[in-house]
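S.K.: Sharing a structure below in structure tokens format, with a few things to ask.
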Amino acid sequence: MFQTSVGIDVRQDKFNVVALKTTINRILPVAHTTFSFDRRLSADDKVRIIADVVGQFIRQHHMMAADFFVAVPREHVIIREIRLPLSVKENLRTTLTYEMSKYIPLQVGDIYFDFQIVEESRQENTLRILLFAARKRDIDVYLNLAAHLGQKLSGIEIQATALGAFLTMYPQSTGNPRCGVIRSETIGGELCLYNGGLLEFSQWIETSTSDGDLAAHLLAAVQALQGRRNGDVRWLYCGIEQANAVPAPFKESAPLNIVPVDVAPAALPDPDWAPAYALAARGLRKFTAGINLLPPELKKKPNRRAYYMMLALIILSLVLLASWGAGHLIRHRMATAQLDSELQHLRPQVAEVEELISGNSRMEKQIARITALQKTRMSVLLALEELSSLIPATAWLEHLAFQTDGVRITGYADSAGDLVTILEASPLFKDVVFLSAITRSRDGKERFLIGMGFEKPKSGTGKSE
């Protein structure tokens, strides 16, 4: 409760910052800002600008002890889809460390890497894995950002995985958990496939052409990917355009029906803010999927101060509650003793009242028995009269058992089923059912046991007399 987290989405020519905080049961936005810079600046210069802007942003909004999550430019990270035997799952990181040269054209000592399991196939006994790797020199630049901010970063990832977390928080309106997202920036774009928010595929397309040509390149890649993938994929757009606009080439691709990512539930102005929002949410809730290119020793450790303060407050509350409970118990016992004393004086009057109540109870029971006898007598007379008129000459009764809510009859008939039909047609009886199986006597008669309830007689009828 009452934590603050900041997401910093860094691109080549700008960065977006979103701050979120938690209340007792909600995640609320604090503020967001964006800043553009010359993409030709060095990485160190960009980090200094980011640190200055974020530092001012934190001071302006009076945020303390915030967690910082950063998304680095997509072109800094290599993504490979690999398959490994299922048996290596328990020691997957160690296995990847030894076999890294097969997948990444860099020395394992020169990179930071992470992975996520996309699929486990028991039939094929394989794991499908997305491997994420980045040069240490590209990531170490952002460790300087931590130095400027005065604390370690909590995580570093890419926009694609952050966007997957956003789709987990705010699923798009579709029954299919699989969806594709087209991301566009000023220098390139990315195609991403997700399954329930888990990133399954990522392709970065970098181009120096105009935005229109970039959109055409992305659309061609989408169509090619659509042809290679089985199953229906709903495509969403997340770009730099304002007001959730979708570029014309995507609007004209009617079969794909590309629509913008819905960011209205997060109260964001346009989809381009979604990665920064999800980055900030990393510090406030747990996600089942996600990567972190920071090694464990460089991550910010959870601040336990708030936990210990909360524990102390809980203990203090329990002590105060126990003190209040003890005082309340003492007051209760004193009040009880006083009431017992008063009751001793009132006991004779209480005995008289109890005797009157007991007499009233006996009278009520007698009245109830008389009323029940009257109703039962009336029901018996009506039932006998109705049975006499309904039972045909080919059937006779051997036994009748009357109850307050119905009657049971036992006897013989040529056709017991016809007898049930006749009784069901009577306005006096209801719920006519066989209570046992029909048996046949030696002379061919069907022996039956039928139960039925009484319909409530209508008032004012002569039959009730």
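S.K.: Among the listed pairs Lys21/Lys301; Lys21/Lys89; Lys14/Lys301, which have their C-alpha atoms separated by more than 24 angstrom in this model?
M.R.: Table pairs above 24 Å Cα-Cα are Lys21/Lys89; Lys14/Lys301.
S.K.: Assuming 0.36 nm per residue, please report the length gained on full extension of the stretch Ile438 to Asn176 beyond their Cα-Cα distance.
M.R.: Length difference between fully extended and current span is 88.7 nm.
S.K.: Can I ask one more? For a quick check: sort Asp67, Asp213 by the number of other beta carbons within 10 angstrom, fewest at the front.
M.R.: Arranged by neighbour count, lowest to highest, Asp67, Asp213 become Asp213, Asp67.
S.K.: Quick one: which of 118-124, 411-417 comes out on top by average Cβ neighbours within 10 Å, and what's the full order, highest first?
M.R.: Highest mean packing first, the order is 411-417, 118-124.
S.K.: Just going by the charge dipole of the chain, with Lys and Arg at +1 and Asp and Glu at -1 on Cβ, which of Ala51, Trp324, Met63 is farthest out on the positive end?
M.R.: Value computed over the given set: Trp324.
S.K.: Okay, next question. How big is the charge dipole of the chain about its Cα centre, in debye rounded to the nearest 20, if each Lys and Arg gets +1 on its Cβ and each Asp and Glu gets -1 on its Cβ?
M.R.: In total the dipole reaches around 1120 debye.
S.K.: Are there DSSP H segments in the chain that both extend 24 Å or more along their axis (alpha-carbon positions) and score a mean Kyte-Doolittle hydropathy of at least -0.5? List them, or say none.
M.R.: Result, helices passing both filters: 43-60, 211-228, 305-390.
S.K.: For Arg39 and Asp232, what is the calculated FRET efficiency with R₀ set at 51 Å and r taken between the beta-carbons, to the nearest 0.05?
M.R.: Here the calculated transfer efficiency is 0.85.
S.K.: Okay, moving on. In 20 Å bins starting at 0, how do the alpha-carbon pair distances of the chain split up by percent?
M.R.: Final binned percentages: 18, 30, 10, 21, 19, 1.
S.K.: What translational D, rounded to a whole number of µm²/s, comes out for region 379-464 from Stokes-Einstein when the hydrodynamic radius is the Kirkwood one over Cα pairs, at 4 °C and 1.567 mPa s?
M.R.: Stokes-Einstein gives a translational diffusion coefficient of 98 µm²/s.
Only the coordinates and a few stated rules stand behind these numbers; no lab work does. Worth saying up front: this structure is predicted, and the values here are computed from it rather than measured. Every residue, glycine among them, receives a Cβ derived from its backbone with ideal geometry; neighbour counts consider all protein chains shown.
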